[in-house]
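Worksheet for the structure shown next.
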Amino acid sequence: MSRPNRRAGRTAGGGGESVLFALAGRLTARDRWLLDILADHQVLTTDQITRLCFENLRTAQVRLATLAQLGVLDRAKPFYGPHAGRFHYTLGPAGARLLAAHRGLTLAELGYRRDALLTLLVSPRIAHLIGVNGFFVGLAHASRTLPAGQGLTVWWSEARAAAMWGGFVRPDGYGTWHTGQCRLDFHVEYDTGSETLARVHDKLPGYARLATASGISSPLLLWLPSPAREAHLRARLASGPPHAGVPVLTASPEHPIHPGGDPEDTDPAAAVWLPLDATRRLTIAQLADRYGAPHTPAAHRRPAHP
């Protein structure tokens with residue numbers, strides 16, 4: 001049996017201040033950015049992190065394994081049916097301490113809990129959370145080849161969106177997409193098929209009330225798990241009351257998305273969005289040109305690594 005690495009053990013557990021100072025010097029700008037993303041969005045898979053900020057899967061796997069060994073990240077591999085999924089990553093104890101220090105917060109103020117990953121992995125919410133994060137990762141990935149200031153520039157979690165609009169709606173996420181001419185602010189409802197279509201439909205009046213109260217009609221993007229469910233929801237929406245000028249658009253993958261699956265299953269930037277009053281599907285950039293507001297070109301921070 002090999003001798004345990006005491007230094008690595010101290011680091012993985014958080015360690016003393018000198019260990020954390022040494023560890024901070026080993027983190028790249030991409031590593032620190034990833035800590036920020038995980039603090040806001042809780043958990044990401046290997047594939048999702050690769051799409052966000054690496055050039056290939058192997059490079060991502062090697063770096064993520066190193067960060068996990070150092071205690072910067074925690075990871076676990078859940079099982080979906082008979083098959084093991086990809087590693088899922090959250091903040092580790094050392095990463096949480098470094099991020100809290102960077103933000104001038106305590107661990108409690110940061111909201112860090114070491115058991116967060118275990119709690120998530122045994123929760124029925126995990127499939128939905130991974131799906132929502134995969135949706136925005138798809139948008140961020142599509143933005144990586146665009147000029148600076150274009151693409152996905154804002155990505156809010158459900159918790160942050162609820163803190164802002166919880167009196168009206170609790171979207172699964174909120175984002176902003178910039179083209180060279182327009183800015184599109186949008187809400188996302190990510191449907192896994194676990195709710196009835198009536199429950200999905202009943203969320204829309206809240207968005208209408210928010211639009212009336214704010215004077216801003218941000219489009220609502222409804223992502224459905226299959227073309228059949230999308231068709232059924234569209235039929236229900238077409239026969240229901242109007243929604244106070246809130247543009248509602250639906251989309252679904254050609255094949256159902258499964259947690260931990262092929263990241264290419266989720267491509268929400270492509271021509272998949274169908275307005276309720278149209279028959280031609282649009283890209284996210286075309287939605288921005290159709291429903292967005294003109295803006296003066298400026299430097300916007302994109303949610304991708306530096």
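Before moving on, here are some points about what is shown:
- A cut-off under 13 angstrom between Cβ atoms defines the neighbours of GLN61, and their net charge, with Lys, Arg +1 and Asp, Glu -1, is +3.
- Whole-Hz couplings from phi, Karplus 6.51/-1.76/1.60, listed for the range 183-192; x for Gly and Pro: 10, 10, 9, 9, 9, 10, 10, 9, 9, 9
- Toward the positive end of the charge dipole of the range 126-294, with +1 on the Cβ of Lys and Arg and -1 on the Cβ of Asp and Glu, the farthest Cα among LEU139, ALA159, LEU210 is that of LEU210.
- Cβ-defined net charge surrounding HIS295, 14 Å radius [Lys, Arg +1; Asp, Glu -1]: -1
- Dipole orientation for the range 6-121: of the candidates PHE21, TYR112, TRP33, PHE21 has the Cα lying most toward the positive pole (charges on Cβ; Lys, Arg +1; Asp, Glu -1).
- In terms of packing, defined here as the mean over residues of other Cβ atoms within 10 angstrom, the peptides 42-50, 90-98 line up highest first as 90-98, 42-50.
- As a proxy for reagent exposure, ranking ILE126, ILE216 by other Cβ atoms within 10 Å from fewest up yields ILE216, ILE126.
- Backbone amide hydrogens, once placed in the peptide plane, bring LEU44 within less than 5 Å of TYR89, excluding anything fewer than 5 places away on its chain.
- Around the Cα centre of the range 126-294, unit charges on the Cβ atoms of Lys, Arg, Asp and Glu (plus for the first two, minus for the last two) sum to a dipole of about 440 debye.
Since every read-out is calculated from the coordinates, none of them should be taken as a lab result. Computed from a prediction, not measured in an experiment: that's the story for all the values here. Note: ideal-geometry Cβ built from the backbone for every residue, glycine included; neighbour counts use all protein chains shown.
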